[in-house]
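The values are calculated or read from the model by the stated rules, or taken from the named source; none is laboratory data. Keep in mind that what you see is a predicted model, and the values were worked out from it rather than measured. In this analysis, Cβ positions are derived from the backbone assuming ideal geometry, glycine residues included, and neighbour counts consider all displayed protein chains. The protein model used for the area step is the full one, side chains on, heavy atoms only, and it has no ligands, DNA or RNA in it. Shrake-Rupley method; radii C 1.70, N 1.55, O 1.52, S 1.80 Å.
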Amino acid sequence: MNRLVKLLESPRAPLVILLLALLLTASSLWVGYFADDYQHHALLSPDMPFPKSHDGSLFGLFSFIDGDPARNLLLRDYSLLAWWSYDGFKFVFWRPVTEITHWIDHRLWHHHPVFMHVQNLLWYAALCWLVSRLFRRQSSTPLAAGAALLAFALDSSHGFGVGWISSRNAIVAATFGMISLLTYMQWHDSFVRSASGQGATGKPGRQRKFHVISLITLALSLLSAEAGISTAAYLGAFALVLDKRGALKGVMGLIPHMLVTLAWWATYKHLGFGATNADAYYIDPAHSPLLFIAKLIERLPVMLASQFGLIPAEVYGFAGKPVPVYVTLCALYVAFVLYLMRNTLRQHATSRFWLLGSLFALLPVATALPADRNLLFVSVGGAILVGELFQEWIKRPAVINIKQRLSSVVIAAFLSIHMIISPLLLPVMAYSPRIWTQHMQLEATRLPAIDDLEHKTLLLAGAPLPAALGMVVTRYAEELPLPARVWTLSTEQLPKTNTLTITRSSESDVTVAADGGFVNGTETALRNPERNPFHVGEKVQFSGMTLEISQLDAQGKPLSIVLHFVQPPTNDTLILQWRKDHYEVLPLPAAVGDTQTLQW
């Protein structure tokens, strides 16, 4: 323990911890592509197979579904958009700075994702170095700063975000955000010294440049990811708690930063970016303020419990009906952690600043479904609180009674989560996107041998939803042949006892009936039937086919759909039913009245 303390107090601690962080996250180099990475590969290819969104983004890498009817039609033809998706469903984000970093990747090593992971690691290393500078500047002792950096850099909750290429936007935004915060503090200290007559180091112009750099890097943070607004959270907390001019003057001094943030937000909205009718993933507070407040009450304790514990924030999305119980347990745990930290919060204004900044930083990320990769900004403040608690525990006086002994053991157990267990889990979490690839059954993007596949139309039945939505871009990145069209009829979310009946109802019409109903489970993320109900006669356009909802059940879920083909379907239209680990290829019923029954 003495050796650890000496290391954490030494000037070389940041370098040692940074190298250790790179070593523990190096497992990400073997992850390859995951999820959105395949779409980025296609969009940055000269002969991409599907249309780019025509918005204010540079390459459309984060413009997933923009609501354009013509583009939606082509996305449905490639199974990138399910037929039951709500017409008003919109999922587009403005991240031009991050897009440039991906463009560089694909410009230099288009078919070598290992180098793209290297760029992720370099951004993470830069972030950790900047955080170490901030901790040394705003902590009670060098020991607390060193312990905090250890807790931050080796936090297992960062592993997934480092290991997923497409999640780079959060790391880039946090990196620029920390530069903005650090340079603002440097400008503030110089300004206060000059105003008080104590003098300032360097020329006045040299000091003003820190203010300009802070504004520029704030803008770059916002243009890297929406999470960049958390930079303003820490700036606001600094003004309220640590600004030597007082809270009011501190807030007034942030007016230029407020104007930058407002200009970004106004431009963001003017260009049409954001999420609409996508409440399962993102809630726009301006569009649904009451829903956001309700979810905020649930999500805050969940995310804080993840920050100070080991249970991933993603558990919230899988909790289902026990959500109130889970949220309550998280709130009790957070209250317990804050109780452990009561002394450092009482004694050190810097600790109160980091706690307030961390809480403020939770607000923007609470718009999204809780996920550990969204807690990067939050963990900056959380880590320093852990470091301060470690310093308090190490420097505690000799234990003289049972109560103090028990308290010491409890604190040691809590600290072991962040300084022992979490670092041991970091390599696993950095490699976890690869594990998720298997869990999400992305092997269902593999198709059986089909003659003349390029001229075939495939009707997918029972395929895993992630594989169905990502089939074309995955096969494109792996340089596999692409079918002419891929239309997803249903996914694995059909009830296990369900039967799918496909009937040739006329020369040009095919009726598909699901006795358990369509749109179940996670499929409702693309359209919530309660919020945006289906209607009999509702039509969805494809290239060469119109899908019409012909029957609903008592709950408003589609029971039957009719495929109206422009030209009578031929042998070039095939049914592919997913059978746990392979597709079964079935012909479309040929004669009027013929039926094909698919059992689960």
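Between Rg and the Kirkwood Rh of the chain, both from Cα atoms, what is the Rg to Rh ratio? If you can, show how the numbers build up before the last one.
On the way: Rg = 26.8 Å, Rh = 26.2 Å.
Rg/Rh: 1.02.
Of all the C-alpha pairs in the stretch 424-563, what % are more than 25 Å from each other? Kindly include the intermediate steps, with their values, before the conclusion.
Details: 3598 of 9730 pairs.
The share of Cα pairs beyond 25 Å in the stretch 424-563 comes to 37 percent.
What longest region of the chain stays clear of GluC sites (Glu not before Pro) that DSSP places outside H, G, I, E and B and that have at most 10 other Cβ atoms within 10 Å?
Result, exposed sites excluded: 1-478.
Could you please state, rounded to a whole Å, how far the C-alpha centre of the stretch 230-251 is from the C-alpha centre of the stretch 43-61?
Their Cα centres are 40 Å away from one another.
Tell me the carbon and sulfur percent of the accessible area for the chain, rounded to whole percent, probe radius 1.4 Å.
On the way: 16230 of 25450 Å².
Here it works out to 64 percent.
Can you give the angle from 0 to 90° between the axis of helix 204-222 and the longest principal axis of the chain, with both taken from C-alpha atoms, to the nearest 10?
Roughly 30 degrees between the two axes.
What percentage of all Cα-Cα pairs in the stretch 424-465 are separated by more than 17 Å?
Working: 451 of 861 pairs.
That fraction is 52 percent.
Counting only DSSP beta bridges with both residues in the chain, tell me the antiparallel percent, nearest 5.
Working: 37 of 48 bridges.
If I count the DSSP bridges inside the chain, around 75 percent turn out antiparallel.
Can you tell me the length gained on complete extension of the stretch His564 to Ser408, counting 0.36 nm per residue apart and subtracting the Cα distance?
Between His564 and Ser408, full extension yields an extra 49.0 nm.
Bin by bin, in steps of 10 Å, what percent of the Cα pairs in the stretch 402-500 do you find, going until the bin that has the longest distance?
Here the calculated profile for the stretch 402-500 is 13, 29, 20, 13, 12, 9, 4, 1.
Which parts of the stretch 431-447 would a label at Glu478 reach, counting a residue when its backbone N lies under 18 Å from a point 7 Å out along Cα-to-Cβ?
Answer for this model: 433-447.
At 0.36 nm per residue, minus the direct Cα-Cα distance, what do Leu329 and Met252 gain on full extension? Give it in nm, one decimal, please.
Contour length minus Cα-Cα distance gives 23.8 nm.
Find the Cα radius of gyration of the stretch 274-380, compare it with 2.2 N^0.38 Å by division, and give the number to two decimals.
The value comes to 1.10.
Which number do you get for Rg(Cα) / (2.2 N^0.38 Å) in the stretch 225-283?
1.41
Helix 168-195: angle to the longest alpha-carbon principal axis of the chain, degrees 0 to 90, nearest 10?
For 168-195 against the chain, the angle is about 30 degrees.
Can you list the residues, at least 5 places off or on another chain, whose amide H is less than 5 Å from the amide H of Tyr33, using H built in the peptide plane?
none
Could you pull the Rg and Dmax for the stretch 221-337, using just the Cα atoms, both in Å?
Radius of gyration, then largest Cα-Cα span, for the stretch 221-337: 17.3, 49 Å.
With both bridge residues required to lie in the stretch 462-547, what share of the DSSP beta bridges run antiparallel, to the nearest 5%?
Percentage antiparallel, nearest 5: 90.
Output the relative contact order of the chain, whole-number percent, from Cα pairs under 8 angstrom with separation of 6+ residues.
18 percent
Using only the alpha carbons of the stretch 532-592, what is the convex hull's orientation-averaged projected area in square nanometres?
6.1 nm²
Counting only C-alpha contacts under 8 Å and six or more residues apart, can you give the relative contact order of the stretch 483-570 as a whole percent?
28 percent
What does the accessible area per residue of the chain come to in Å², with a 1.4 Å probe and no ligands, DNA or RNA counted?
Heavy-atom SASA per residue in the chain reads 42 Å².
Could you give the semi-axes, largest first, of the ellipsoid that matches the stretch 1-159, computed as the square roots of 5 times the alpha carbon gyration tensor eigenvalues and rounded to whole Å?
Square roots of five times the eigenvalues give 42, 17, 13 Å.
For the stretch 332-402, what value does the Rg/Rh ratio take when both radii are computed over Cα atoms and Rh is the Kirkwood radius, given to two decimals?
1.06
Against the longest principal axis of the chain, how steep is helix 402-416, in degrees 0 to 90 to the nearest 10, with axes from Cα atoms?
Tilt of helix 402-416: around 50 degrees.
Take every Cα-Cα distance within the stretch 135-190, group them into 10 Å bins from 0 onward, and report for each bin the whole-number percent of pairs it holds.
So the P(r) values, bin by bin, are 20, 39, 33, 8.
Can you give the calculated 222 nm mean residue ellipticity of the chain, where each DSSP H run of n ≥ 4 adds -39,500 (n - 2.57) and the sum is split over every residue, rounded to the nearest 500 deg cm²/dmol?
Roughly -16500 deg cm²/dmol at 222 nm, from the helical runs in the chain.
Let's see if you can work this out: charge +1 on each Lys and Arg Cβ, -1 on each Asp and Glu Cβ, no other charges. What is the dipole magnitude of the stretch 477-558 about its Cα centre, in debye to the nearest 20?
160 debye
For the stretch 83-169, which semi-axes, largest first and in whole Å, follow from the square roots of 5 times the eigenvalues of its Cα gyration tensor?
Taking √(5λ) for each eigenvalue gives 33, 19, 12 Å, largest first.
State the percent of C-alpha pairs, over all pairs in the stretch 489-580, separated by a distance greater than 22 angstrom.
Taking all Cα-Cα pairs of the stretch 489-580, the fraction more than 22 Å apart is 28 percent.
Report, in debye and to the nearest 20, how large the dipole of the chain comes out about its Cα centre when Lys and Arg carry +1 and Asp and Glu carry -1 on their Cβ.
3680 debye
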